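Structure, as structure tokens:
The values are calculated or read from the model by the stated rules, or taken from the named source; none is laboratory data. Treat the numbers as computed from the prediction; the structure is a model and nothing was measured. Glycine gets a Cβ as well: all are built from the backbone with ideal geometry, and neighbour counts include every protein chain shown. In case anyone asks, the SASA skips ligands and DNA or RNA and just uses the protein heavy atoms, side chains included. Shrake-Rupley method; radii C 1.70, N 1.55, O 1.52, S 1.80 Å.
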Amino acid sequence: TVINNNFIFGDGHPFAGGLRIADDGHTITNNYIEKARYKDTSHHGGIVILGYDGAGDGDNGYQQVENVHIAHNTIVDSVNSVNIDGGDKSDTPKKVYFANNIIDRAVGDVFVDTERGVTSDSAYAGNIVYGSGDLADSDSVSASDLGATFIAAMLEKGSDGLYRSGDNSP
């Protein structure tokens, strides 16, 4: 599945979410997500990369996330901006390539569900992230594990209402 060039506006609605990723072989690029606010469950957020429960296609289970490319996305003013192991499943996502994304004005920690860390077959690089909380909700991952520079992107709101890089953006 290819998920490209979408605009998702939660408008601050308390049950608004962004993209939830399950199964393998996806490419998620150049999407804009703003004000995803549903935080009461680990199944929701700006971008949620679900864990795997072994149920597969039956029993309402989720297929293993594997070989997924997530790049050049912008997430602004959202809760659970990036959930790297969502859904409280038994197995972690595999072969996730998360690169060159901008997450700014995150409400709370930028990366959540990080206590099991990032699998060694995954790669995170070139991400600029910032929020009102910490980089991650667990000390088990570092900025280098997440390929992240924790610095405000200094996005500016345009006349069309979208946040974009400005003159002072890193």
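Odds and ends about this structure:
- Heavy-atom accessible area per residue - segment 58-170, 1.4 Å, Å²: 46
- Count Lys and Arg as plus one, Asp and Glu as minus one, and take only other residues whose Cβ is under 13 Å from that of Asn67; the net charge is then -2.
- Solvent exposure ordering (accessible area, 1.4 Å, most first) of Ser138, Ser90: Ser90, Ser138
- Computed with every protein chain present, the accessible area of Ser142 is close to 50 Å² [probe 1.4 Å].
- To the nearest 10, the accessible area of Lys35 is 70 Å² with a 1.4 Å probe.
- Using a Gaussian network model of the chain in which every pair of alpha carbons under 10 angstrom is joined by a spring, one finds that among Gly54, Gly158, Gly45 the greatest mean-square fluctuation is at Gly158.
- Heavy-atom accessible area ranking, 1.4 Å probe, most first, across Ile3, Ile70: Ile3, Ile70
- Subtracting the Cα-Cα distance of Ser169 and His13 from 0.36 nm times their residue separation leaves 53.3 nm of extension gain.
- With all protein chains modelled, accessible area of Asp145 [1.4 Å, Å²]: 70
- Using a simple spin-label model with pseudo-atoms 7 Å out from Cα toward Cβ, Glu156 and Ser120 lie 4.6 nm apart.
- Heavy-atom accessible surface of segment 91-170: percent carbon and sulfur, 1.4 Å: 46
- Gly86 long-range amide H proximity, modeled H, under 5 Å: Ile49, Leu50, Gly51
- Fully extended contour minus Cα-Cα distance, from Asn100 to His69, at 0.36 nm per residue: 10.1 nm
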